[in-house]
Amino acid sequence: MKSVKIGGITINNPVVLSPMAGISSLPFRVICNEMGAGYSPTELVSARSIRYNGIDKSLRYMRILPEEEGITAIQLFGSEPEDFEAAIETIMDTPVLKEVSMIDINMGCPVPKVVKTGSGSALIEDPDRASNIVKACKKTVSQLPRPVPVTVKTRAGYNADDKGKPDFARALADAGCDMICVHGRTRTQMYHGESSNEAISVMREAVRGYEIPFFANGDITDAGSARKVFEQTGCDGIMIGRAARGNPWIFGQILAGLDGREIPADPAPEIRKEMLIRELEGRLKYLPEDVAVREFRSVMPYYIKGIQGAARIKVQLVSAVSFEEVKEIIELV
Ligand SMILES: Cc1cc2nc3c(=O)[nH]c(=O)nc-3n(C[C@H](O)[C@H](O)[C@H](O)COP(=O)(O)O)c2cc1C
């Protein structure tokens, strides 16, 4: 696969981890980088919270380690341009964050708590506000010693019958964003039904005349579905979400398939179990043990999916409270 340029940043390949709250931990992003992901953004963080509460509350979700995770993006959500300006200024003034490669704006989150504040996918219905947010972010980064690219991740519409929002895509591009990624579901669909490549391609075509890369996202689970998305949408890159949970090997498999190389086999159970432990050890480096284990409960079943006996230990894993307990349970399969 070819490299892609997002603003001044070149990613080696266009197969990227999709941001996922609770999943896109720092150790997981490091693992995805090793497994070939083009880059991996953090999960969404509130621009308003950074502006008014400072960095401490959100730091754990934004902590980055460029030496190990390579190119990375911090994803912000919000509805007020001034909140984004303040958040970016704070991020770029914080030693452990200022090496971030890009800022991504969330314009796709469908969760009511986020949408009712005018953030996330609510911005699809308010293109002027969305455009002002992009402009505010671009103005803020332009004043930095290192003006990082500003990207947007959004959806193919808000209402159930939306079939792509070409005007919205053009508004984002006109405002100067450096990359657009579209998930082919509407806000109403949340995560149900199918992601529409047709709706994605409507938005892709709308911004073809702009010099910015366009990424597609939704329901990509293997090399076959990845190829189909490239062919049907004309995108420059793809983001992989749910299929990467507990399965970072997917990046190597998809890249091999797209390059016409032999697709590596799924990893053996022992390797999957080792990776589970490795991610948990990584989480333990910056979280208290009880918190790290509790938050990892929902992720662990993905690592052992398909292993014989996995269903039996899943029940135990999702109530584990300590690292030792997780290790003991894992040894049962
Ligand atoms: C558990 C979970 C958390 C998510 N969190 C975020 C997030 O923080 N930011 C974001 O832009 N999208 C988020 N998403 C959406 C995904 O990035 C992606 O757009 C969506 O899952 C569709 O892609 P997929 O079919 O490959 O999973 C989340 C999805 C899931 C399942």
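Name the residue, out of 217, 247, that is over 21 Å from residue 322 (Cα atoms), free of Cβ contacts under 8 Å to residues at least 60 places away in the same chain and within 16 Å of the ligand (Cβ to nearest atom). Let's see the steps before the verdict.
Values: 217 fails: free of Cβ contacts under 8 Å to residues at least 60 places away in the same chain.
Of 217, 247, the one residue that is over 21 Å from residue 322 (Cα atoms), free of Cβ contacts under 8 Å to residues at least 60 places away in the same chain and within 16 Å of the ligand (Cβ to nearest atom) is 247.
Within region 1-40, track down each residue that is among the β-branched types (Val, Ile, Thr) and open to solvent by less than 40 Å² (accessible area, probe 1.4 Å).
Here is the first cut: in region 1-40, the residues among the β-branched types (Val, Ile, Thr) are 4, 6, 9-11, 15-16, 23, 30-31.
Listed by number, the residues that qualify are 4, 6, 9, 11, 15, 16, 23, 30, 31.
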Inset, instruction - Within region 84-100, identify whether any single residue is under 25 Å from residue 182 (Cα atoms), touching a residue at least 60 places away in the same chain (Cβ under 8 Å) and either open to solvent by 10 Å² or more (accessible area, probe 1.4 Å) or not hydroxyl-bearing (Ser, Thr, Tyr) (or both), and answer yes or no. - result: no
Inset, instruction - Check off (1) modelled with pLDDT of 95 or more; (2) assigned to a loop (DSSP other than H, G, I, E, B) for residue 2 and give me the number that stays unchecked. - result: (1)
Inset, instruction - State yes or no: is residue 43 farther than 29 Å from residue 131 by Cα, among the acidic types (Asp, Glu) and open to solvent by less than 30 Å² (accessible area, probe 1.4 Å)? - result: no
Legend entry - Unmet criterion (only one of (1) within 14 Å of residue 71 (Cα to Cα); (2) away from the ligand (no atom under 12 Å from the Cβ); (3) out of contact with any helix residue (DSSP H, G or I) (no Cβ under 9 Å at 6 or more places or on another chain)) for residue 19: (2)
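Please determine whether any residue of region 96-113 is modelled with pLDDT under 95 and part of a loop (DSSP other than H, G, I, E, B).
Yes - at least one qualifying residue is present in region 96-113.
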Legend entry - Among (1) within 14 Å of residue 36 (Cα to Cα); (2) in contact (Cβ under 8 Å) with a residue 24 or more places away in the chain, the one test that residue 264 misses: (2)
Legend entry - Neighbours by Cβ (under 7 Å, 6+ apart or cross-chain): first from region 142-153, closer than 18 Å to residue 42 by Cβ; second part of a loop (DSSP other than H, G, I, E, B) and of a type in the set (A, V, I, L, M, F, W, C): 148/100; 150/177; 151/177; 152/177
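The values are calculated or read from the model by the stated rules, or taken from the named source; none is laboratory data. Predicted, not measured: the structure shown is a model, and the values here were computed from it. All Cβ positions, glycine included, derive from the backbone under ideal geometry; neighbour counts span all protein chains shown. What goes into the accessible areas is simple: the full protein's heavy atoms, side chains included, and nothing from ligands, DNA or RNA. Shrake-Rupley method; radii C 1.70, N 1.55, O 1.52, S 1.80 Å.
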